[in-house]
1. Name the helices (complete DSSP H segments) of the chain with a Cα length along the long axis of 18 Å or more and a Kyte-Doolittle mean of at least 0.0, or state none.
2. Just to check I understand the Karplus step: with θ = phi - 60° and J = 6.51 cos²θ - 1.76 cosθ + 1.60, what whole-Hz values come out for the range 182-190, glycine and proline as x?
3. Which one of H213, H241, H199 has the biggest mean-square fluctuation once the chain is modelled by GNM with Cα springs under 10 Å?
4. Per residue and in cubic angstrom, what volume does the convex hull of the Cα atoms of the range 199-245 have?
5. Per 0.36 nm of contour for each residue apart, how much would the distance between R211 and S236 grow if the chain were fully extended, relative to their Cα-Cα spacing?
6. Per residue, what accessible area does the chain have, given a 1.4 Å probe and all protein chains present, in Å²?
7. Please compute the alpha carbon radius of gyration of the chain, then divide it by the globular-protein estimate 2.2 N^0.38 Å. Two decimals is fine.
8. Under 1.5 on a/c is rounded, so check that first for the range 1-106, then, if it is not, pick prolate when a/b is larger than b/c and oblate when it is not; a ≥ b ≥ c are the square roots of the alpha carbon gyration tensor eigenvalues.
Amino acid sequence: MVADLLLTAESSRTPVGSVTGRWPDFDLAAAYRTQDVGMKRRTARGERVVGVKLGLTSPAKQRQMQVDTPSVAWLTDAMELPPATVVPRSRLIHPRAEPEIVFVLGEELAGPGVTAARAMHAVSAVLGGIEIIDSRYSGFRFTLPDVIADNNSSSRYVTGSVQVNPDGFDLALEGCLLEVDGQVVDSATGAAVLGNPAHALAFAANQLAERGHALQPGWVVLTGGLTEAVPLAPGSHIAAHFSHLGSVVIKAD
Ligand code: OOG
Ligand code: MG
């Protein structure tokens with residue numbers, strides 16, 4: 001089964017070839033079903049779902065990965081790292097880091113038909129974050145069904161210590177500088193994410209509704225990489241400096 005193949009690739013740090021390359025009929029519906037089986041496997045081994053992550057919501061990410069459609073995947077507590085943490089790079093395949101705007105939900109948000117404005121009513125706090133992605137596909141090469149089946153390359157994530165109330169906060173104008181070993185390598189504003197990260201949240205609620213799920217109070221939502229992802233080299237320091245959401249820093253082992 002594809003879900004087991006990908007979970008084994010993760011635990012054995014052995015990347016695999018594209019699923020759609022091998023089975024051209026593997027479509028979006030099969031990919032989301034596979035992702036849900038993977039989530040069941042994770043919960044069966046004791047992990048708890050703590051939220052969702054959007055994939056490929058910015059032009060920078062879409063260009064880098066050659067996939068131009070957003071998608072949704074699961075976050076579990078095993079993926080969450082404490083602040084200013086050392087990322088266990090030696091347990092990962094070929095990790096990359098990307099800065100993201102993160103929401104915490106104060107109430108349930110259920111599609112279909114969720115608009116960006118409705119979505120923001122459910123948000124209790126906005127934070128900065130860094131996501132560590134680690135595709136189970138060789139060379140980070142995948143199609144849209146491939147990456148969905150692989151839970152959108154999920155690996156780890158860190159959120160910042162600054163929490164901002166979303167009321168009156170202009171998410172589209174929130175700036176972010178991405179720094180690698182003290183050098184600014186990229187920058188973006190929140191508008192990079194579908195014009196406004198609120199649209200990513202609405203997309204998540206509506207996509208999950210197609211799978212019979214609703215976003216739950218307390219859940220974390222990673223709205224998608226603002227910039228291209230950068231390789232997490234051994235011993236490197238990566239920082240995301242946001243204009244109002246503070247700084248998030250990680251170090252690779
Ligand atoms: C897919 C994961 C995408 C994002 O923020 O766009 C993602 C990948 O780039 O490997 O997490
Ligand atoms: Mg991401």
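1. Those that clear 18 Å and a mean of 0.0 are 197-210.
2. Using θ = phi - 60°, the values come out as x, 10, 6, 10, 6, 8, 6, 10, x Hz.
3. H213
4. Dividing the Cα hull volume of the range 199-245 by its residues yields 149 Å³.
5. Computed gain between R211 and S236 is 5.1 nm.
6. Result: 40 Å² per residue.
7. After normalising by residue count via 2.2 N^0.38 Å, the value is 0.93.
8. The shape class here is rounded.
The values are calculated or read from the model by the stated rules, or taken from the named source; none is laboratory data. Values in this document were obtained by computation on a predicted structure and should not be read as measured data. For neighbour counting, all protein chains shown are included, and Cβ atoms are generated from backbone atoms with ideal geometry for every residue, glycine included. SASA here: full protein model, heavy atoms, side chains in, ligands and nucleic acids out. Shrake-Rupley method; radii C 1.70, N 1.55, O 1.52, S 1.80 Å.
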